[in-house]
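All remarks here apply to the structure that follows.
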Amino acid sequence: MRANTPTAKTNANKKVFIKTYGCQMNVYDSDRMADALAPAGFVPTRDAADADLILLNTCHIREKAAEKVYSELGRLRKLKGERAKAGKDTMIGVAGCVAQAEGEEIARRADVVDLVVGPQSYQALPEMVARAGRGERVVITEFPDEDKFDSIAMTPKKILASRGPTAFLTVQEGCDKFCTFCVVPYTRGAEVSRDVNKVLTEARTMVEAGVREITLLGQNVNAYHGEGLDGSPWSLAKLLHALAEIDGLWRLRYTTSHPRDMDDDLIAAHRDLPSVMPYLHLPVQSGSDRILQAMNRRHTGDDYRRLIDRIRAAQPDLAISGDFIVGFPGETEQDFNDTMQLIRDVEYAAAFSFKYSPRPGTPGALLDDHVPDAVMTERLHALQALITEQQRAFQESRIGRTFDVLFEKKGRNPGQLVGRSPWLQPVNVQAPERLLRTMQPVTITHTGSNSLFGDLAESDNHAALHDAQVMAQLETAS
Ligand code: SAH
Ligand code: SF4
Ligand code: F3S
């Protein structure tokens, strides 16, 4: 029984709560869902209990992702019940990659769900909400021809401005690589690149709203081949060159890259464009040629080593990060040792590592010869210990160096600001609030486990101290 039918006309001041799981693309998509719902009268809230519409933007990449969604839905059922007692309606939707993979199944298993929407259909949200409000259970998981980004209004400048000086911008979505362990080609569909002019327009709007650092997103962002300003397909390198021309856009990053799509022009961009940050996330997954082949990665460990050498020749001061999977079916002790050797050879600044998790519908899930969980745990720990050591070494190598930090937000301690180094580590600095959203030279004094600590470099430090004294005087005067 649904009272208060929410339609486009009666949604004024309705609140939407979006919970985001998974990768950065989901973070970007969640903002776009909020944008899509804004014309229908929905404003975002951070409090689920206060929301008329709750959306779970889900991830399907590893084990039990769907289970997590079902248990969250259990909690939401209670919340919906409590709100109903207070006479309030609550609509619940599942979006993202679990929605795409499970579709109707979610609607069948969880009657608390009013709508299910796949990642390519967020432009349909206002209409779906209106239909669900009329009592219909709505499931949309098609891959429509129209580009979802075209039909969603761009994030208004005011909202962008409130989000700080860094932003994500999806330029490519989907994947045609079909690594045998991975669900992404099924949940996100075929690889699609957005046109250069659309990317540039969105980037300029972000910069006008005060964004100073943009991270270009794609499942295989370096396979980008969007229609260029001259009508021909442009590579990611060419897109970076065009973005680097935008005044006020200080920093550019991109993620995630596939080793096979790292072309010479992109490598050269790290040498030639100062705004392209010296950080590259380049997952390799395994160092064993046998396992790489079984994963359908289509390169060897040595191909990857040679590639890293070429990238470092162009930009010696580059931080490399990676992703690793331990325990892919058939992985022997020798295969694992090959992975450890590759890590020693490359020297990572950071990495994410996971136990292999069979995903329904992928070729990997059909393989026998599973690695026992205890062995996976042991390998994961050994790998993570090595990565931690390398990460520490990288961070310690920053001590005494002075480089720019873009201050993003206030730190945990009073008087502290936090920003990112060019190599993506958070840097904590005593600095006056007026330096938020600015980029300042900072000298690193020491490191924490995942972050750096430093002081404003000499000249600014004086200015900052002077500022702090003036502020203190003003405060005592008032
Ligand atoms: N497009 C990127 C990866 C996207 S998924 C690439 O090609 O590298 C992010 C990471 O999740 C992957 O790099 C992989 O390390 C991990 N991952 C993906 N599927 C997995 C699975 N079935 N089990 C464990 N880890 C997985
Ligand atoms: Fe998944 Fe492989 Fe595509 Fe990356 S390249 S998204 S791991 S299929
Ligand atoms: Fe997860 Fe989908 Fe991203 S499966 S990692 S949310 S593309």
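Across every direction, the projection of the convex hull enclosing the Cα atoms of segment 45-175 has a mean area of 9.4 nm².
Over segment 137-260, what is the relative contact order in percent, taking alpha-carbon pairs closer than 8 angstrom and at least six residues apart? Don't skip to the answer; put the middle values down first.
Values: 189 pairs, mean separation 32.9, N = 124.
This gives 27 percent for segment 137-260.
Here is the short version for the chain: 23, 59, 97, 175 have no other Cys C-beta closer than 4.7 Å.
A 1.4 Å probe run over the chain, with the rest of the protein chains in place, finds 45 Å² accessible per residue. Taking one quarter of the surface of the convex hull spanned by the alpha-carbon atoms of segment 107-225 gives a direction-averaged projected area of 9.4 nm². Listed by chain and number, the lysines whose C-alpha is less than 20 Å from the C-alpha of residue 64, apart from same-chain residues fewer than 8 away, are 19, 355. Taking amide H as placed 1.01 Å from N in the peptide plane, the amide H of residue 15 sits under 5 Å from that of 43, 52, 53, each at least 5 places away or on another chain. Summing Cβ point charges (Lys, Arg +1; Asp, Glu -1) relative to the Cα centre of the chain gives a dipole of roughly 1700 debye.
Simple spin-label estimate for residue 78 and residue 434 gives 5.0 nm between the two label positions (7 Å along the Cα-to-Cβ direction from each Cα). Measuring nothing but protein heavy atoms, the accessible surface of the chain at 1.4 Å probe radius is 51 percent carbon and sulfur. Label positions at residue 271 and residue 68, each projected 7 Å from the Cα along the C-beta direction, are separated by 4.1 nm. For segment 364-380, the Karplus equation 6.51 cos²θ - 1.76 cosθ + 1.60, evaluated at θ = phi - 60°, returns couplings of x, 5, 8, 6, 8, 6, 5, 7, x, 4, 4, 5, 4, 4, 4, 5, 4 Hz by residue, with Gly and Pro reported as x. Computed over the chain, the P(r) curve from all C-alpha pair distances, binned at 10 Å from the origin, holds 4, 18, 26, 26, 19, 7, 1, 0 percent per bin.
Among the chymotrypsin sites (Phe, Trp or Tyr not before Pro) in segment 134-224, those placed in a DSSP loop whose Cβ has at most 16 other Cβ atoms within 10 Å are 178. Taking every C-alpha pair closer than 8 Å and separated by at least 6 residues, the mean separation divided by the residue count of segment 62-159 gives a relative contact order of 22 percent. Using C-alpha pairs under 8 Å with a sequence gap of at least 6, the mean separation divided by the residue count of the chain gives a relative contact order of 9 percent. A helix-only calculation puts the chain at -11500 deg cm²/dmol for mean residue ellipticity at 222 nm, using -39500 (n - 2.57) for each DSSP H run of at least four residues, averaged over all residues.
Per 5 Å bin, what percent of the C-alpha pairs of segment 32-90 does each bin hold, from zero upward? Whole-percent P(r) values from 0 Å outward: 4, 16, 22, 19, 20, 14, 4, 1.
The values are calculated or read from the model by the stated rules, or taken from the named source; none is laboratory data. Every value quoted in this text rests on a predicted model; they were computed, and no experiment measured them. No Cβ is skipped: glycine too gets one built from the backbone with ideal geometry, and neighbour counts run over all protein chains shown. All accessible areas refer to the heavy atoms of the entire protein, side chains included, with ligands and DNA or RNA removed. Shrake-Rupley method; radii C 1.70, N 1.55, O 1.52, S 1.80 Å.
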